[in-house]
1. Over all Cα pairs of the range 70-138, how is the pair count split among 10 Å bins, expressed in % and running from 0 up to the last occupied bin?
2. Take peptides 154-164, 11-21, 63-73 and line them up by average Cβ neighbours within 10 Å, highest first, as a rough protection proxy.
3. Can you tell which of GLU201, GLU174, GLU56 shows the greatest fluctuation in a Gaussian network model of the chain with Cα springs below 10 Å?
4. When the accessible area of the range 79-173 is computed with all protein chains present and a 1.4 Å probe, what percentage of it is carbon and sulfur?
5. Ignoring ligands, DNA and RNA, what accessible area per residue does the range 1-131 give at 1.4 Å, in Å²?
6. Test of understanding: express the Cα radius of gyration of the range 81-214 as a ratio to 2.2 N^0.38 Å, with N the residue count.
7. Collect residues whose amide H, placed 1.01 Å from N in the peptide plane, falls under 5 Å from the amide H of TYR17; neighbours closer than 5 in sequence don't count.
8. What is the chain's relative contact order, in percent, from Cα pairs under 8 angstrom and six or more apart in sequence?
Amino acid sequence: MSKIPLRNIKGDEVGAYALADSLLVKDKGLQAMHDSVVAYMAAQRSGTASTLNKGEVAGSNKKPWRQKGLGRARAGYRQSPVWRGGGVAFGPRPRSYRKKMTKKAARLGFCRAFSEKVAANEVIVLDELKLASAKTKDFAVMLKKLGAENGALVLMDRVEENVRRASGNIPRVEVCEARNVNTYQLLRYPVIVATKSGMAELEKRLATDAGSDA
């Protein structure tokens, strides 16, 4: 069993959260973890860059000048890519940058990413996260007491409105539901702060991920 510090919102350690070693993966999955991050980053690209080729540039098919007799290079149309204002040769076109990844590999990468965080003591479990108000200052003070003032990923089973509003203006802090978190988010932040209920949701995913063969 792996022991993760269990704290309250004041930063006091009130116990330890036991996480079964069977839910962690430490001997494989590094490549799957890397591929998951690459696939996520690639999917964020819009792929909307576009240029006009010579057939799409407005203009007539009239020759700019006659073929011979002027001592000039021959020219057939003003839409030529070699002319200013003409089409673009081999320019970017709308495309998708998405990369395919099997579900098994994605699950393995997720589990390995969380396992790395646990091994590095970069996971903190809160007994509960309830705020009386949506003040950003209160949330910032809580993070400082937890030692997560340099950035944190806060995982909950359900994000409460006060928590969402209080954390919205704090840089390098993201609050999300444990069921929706991805590998990139786990690795992006220096500390993961999860509520007990959020960890329960996370364990459901890890139970499936750790059993994947990739």
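1. Taking all Cα pairs of the range 70-138, the binned fractions are 12, 16, 15, 15, 12, 13, 10, 5, 1 percent.
2. Descending mean neighbour count gives 154-164, 11-21, 63-73.
3. Looking only at GLU201, GLU174, GLU56, the largest GNM fluctuation is found for GLU56.
4. The value for the range 79-173 is 48 percent carbon and sulfur by accessible area.
5. Heavy-atom accessible area per residue stands at 68 Å².
6. 1.42
7. HN-HN under 5 Å from TYR17: ILE4, LEU6.
8. Relative contact order here is 26 percent.
The values are calculated or read from the model by the stated rules, or taken from the named source; none is laboratory data. What you are looking at is a predicted structure, and each value in this text was computed from that prediction instead of being measured. We place every Cβ from the backbone using ideal geometry, glycine too, and count neighbours over all the protein chains shown. What goes into the accessible areas is simple: the full protein's heavy atoms, side chains included, and nothing from ligands, DNA or RNA. Shrake-Rupley method; radii C 1.70, N 1.55, O 1.52, S 1.80 Å.
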